[in-house]
Amino acid sequence: MAAVEIDLGKLPFDIDFHPSDHLVAAGLITGDLLLYRYNADSLAQKLLEVKAHSESCRTVRFIHEGRAIVTGSPDCSILATDIETGSEIVRLENSHGAAVNRIVNLTESTIASGDDEGCIKVWDTRQRSCSHSFNAHEEYISDITFAADSMKLLATSGDGSLSVCNLRSSKIQTRSEFSEEELLSVVIMKNGRKVICGTQSGTLLLYSWGFFKDCSDRFVDLSPNSIDALLKLDEDRVITGCENGLISLVGILPNKIIQPIGEHSEYPVERLAFSHDRKYLGSASHDHLLKLWDLNELVQDSEDGAKNDSSAEDSDNDGMDVDDNIPKSSKGSKKKNVNKGPDPGSSNNFFAEL
């Protein structure tokens with residue numbers, strides 16, 4: 001049973017934990033941004049409820065050491081909100097030309113955002129500008145992760161492909177072949193040697209770093225339930241959130257379901273996140289609940305035998321980045337219904353007031 005349950009009242013699209021305090025934020029289908037203080041010994045306390053967007057609030061992230069929260073929406077805006085007062089710090093009305101579907105932290109001073117037309121932008125909060133823009137995909141950006149050592153963004157998309165964007169060269173380095181299904185989530189594991197993608201069919205696709213054209217392995221034991229959320233526990237284990245409401249701990253190479261660790265009563269799991277101290281695993285679902293699970297209790301039974309087993313490591317030459325060509329063919333799968341916004345112009349003043 002979850003240590004803390006918070007009834008959000010409406011469908012949540014995203015959650016994020018404060019980087020140093022016992023605070024958690026949620027973005028709702030109503031466009032509302034909620035902020036709670038949590039404690040295992042008492043009910044969660046709602047600190048803020050802000051009407052952040054005219055349409056749904058699809059993505060939320062704490063920035064500036066937790067002093068502000070940025071949110072993105074199908075209204076094409078990115079908003080920065082002060083967590084102390086709930087007041088609007090600044091709003092970039094046309095941050096993207098389509099619905100903003102994902103925002104992730106890259107460094108202390110940079111974030112990346114992805115939209116429903118496959119565009120990824122990087123925002124530099126010190127320079128107060130959009131520093132990079134990549135038209136990486138032909139469908140919505142479902143997830144983004146960052147390889148800090150090589151300064152590369154990896155993104156998954158509804159067009160069924162994985163992209164690698166190089167921040168040093170400001171170029172799209174490569175894109176995988178198109179899968180027959182939407183890619184929904186992505187994490188980097190095995191000390192940077194493997195990239196794991198969750199799919200609409202419930203298959204985990206494993207790519208070897210530097211060999212992104214096609215996956216090197218597939219893990220099908222979670223199918224047919226789509227894997228909407230992935231959260232890396234350590235280099236060998238990933239937590240999955242699926243459309244059947246199950247949260248599972250999965251081993252990678254050897255690939256196996258170690259154990260189920262939580263559930264949302266058959267309601268799809270929308271997002272997973274760790275608290276700042278990694279004491280809690282947060283999960284948000286279509287049941288309108290934000291659940292905080294005691295992470296130590298969840299994984300204590302899975303420690304033996306789950307780590308340091310390298311017998312199933314594949315033998316790919318995980319060396320330098322060898323993929324340089326982007327596929328010319330295109331294949332879209334399911335197109336999301338979005339409200340298009342005007343094409344963004346200069347976006348150089350987003351963080352001027354932060």
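Laid out as a table, the results:
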{"quantity": "Number of the condition not met by L184 [criteria: (1) in a loop (DSSP other than H, G, I, E, B); (2) open to solvent by 20 Å² or more (accessible area, probe 1.4 Å); (3) not polar (S, T, N, Q)]", "calculated": "(1)"}
{"quantity": "Pick from the range 163-179, criterion of a type in the set (D, E, K, R) and free of Cβ contacts under 8 Å to residues at least 60 places away in the same chain, ranking: surrounded by the fewest Cβ atoms within 10 Å (Cβ to Cβ)", "calculated": "R168"}
{"quantity": "Of all residues in the range 1-26 being more than 14 Å from S285 (Cβ to Cβ) and not aliphatic (A, V, I, L, M), the one that is surrounded by the most Cβ atoms within 10 Å (Cβ to Cβ)", "calculated": "D16"}
{"quantity": "Boolean, I239 is over 23 Å from G9 (Cβ atoms) and part of a strand (DSSP E or B)", "calculated": "yes"}
{"quantity": "Failed criterion for D116 (all others in (1) over 26 Å from S201 (Cα atoms); (2) touching a residue at least 12 places away in the same chain (Cβ under 8 Å) hold)", "calculated": "(1)"}
{"quantity": "Matching entry among I172, I188, I196 (being among the hydrophobic types (A, V, I, L, M, F, W, C) and more than 20 Å from L253 (Cβ to Cβ))", "calculated": "I172"}
{"quantity": "So G160, is it over 15 Å from the mean Cα position of the chain (by Cα) and surrounded by fewer than 17 Cβ atoms within 10 Å (Cβ to Cβ)", "calculated": "no"}
{"quantity": "Residue satisfying all of: in the range 27-43; at pLDDT 95 or above and farther than 24 Å from S77 by Cβ; surrounded by the fewest Cβ atoms within 10 Å (Cβ to Cβ) among these", "calculated": "R37"}
{"quantity": "Single unsatisfied condition, G345 versus (1) modelled with pLDDT under 95; (2) open to solvent by less than 70 Å² (accessible area, probe 1.4 Å); (3) touching an Asp or Glu at 6+ places or on another chain (Cβ under 7 Å)", "calculated": "(3)"}
{"quantity": "Which numbered condition I239 misses (of (1) of a type outside the set (D, E); (2) surrounded by 19 or more Cβ atoms within 10 Å (Cβ to Cβ); (3) at pLDDT below 95; (4) under 23 Å from S216 (Cα atoms))", "calculated": "(3)"}
{"quantity": "Condition met for L272 (open to solvent by less than 40 Å² (accessible area, probe 1.4 Å), under 25 Å from P19 (Cα atoms) and not in a loop (DSSP other than H, G, I, E, B))", "calculated": "yes"}
{"quantity": "Selection status of S73, free of Cβ contacts under 8 Å to residues at least 60 places away in the same chain and buried (at least 23 other Cβ atoms within 10 Å of the Cβ)", "calculated": "yes"}
{"quantity": "Counted residues, the range 109-131 - those being more than 16 Å from F62 (Cα to Cα) and modelled with pLDDT under 95", "calculated": "5"}
{"quantity": "Failed item, numbered, when R91 is tested on (1) of a type outside the set (D, E); (2) at pLDDT below 95; (3) part of a strand (DSSP E or B); (4) under 17 Å from G282 (Cα atoms)", "calculated": "(4)"}
{"quantity": "Flag for A148 being open to solvent by 10 Å² or more (accessible area, probe 1.4 Å), among the aliphatic types (A, V, I, L, M) and in contact (Cβ under 8 Å) with a residue 40 or more places away in the chain", "calculated": "yes"}
{"quantity": "Subset of the range 206-234 that is crowded, with 16+ Cβ neighbours inside 10 Å and among the acidic types (D, E) - its residue that is nearest to the chain's Cα centre (by Cα)", "calculated": "D228"}
{"quantity": "Residues of the range 94-130 classified as closer than 25 Å to L184 by Cβ, open to solvent by less than 40 Å² (accessible area, probe 1.4 Å), in a strand (DSSP E or B) and not hydrophobic (A, V, I, L, M, F, W, C), total", "calculated": "7"}
{"quantity": "All positions within the range 263-302 that are at pLDDT 95 or above and among the small types (G, A, S)", "calculated": "A273, S275, G282, S283, A284, S285"}
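The values are calculated or read from the model by the stated rules, or taken from the named source; none is laboratory data. Since the model is a prediction, treat every value here as computed from it, not as a measurement. Note that each Cβ is placed from the backbone with ideal geometry, even for glycine, and that neighbours are counted across all protein chains shown. The accessibility values were calculated without ligands, DNA or RNA, using every heavy atom of the protein model including side chains. Shrake-Rupley method; radii C 1.70, N 1.55, O 1.52, S 1.80 Å.
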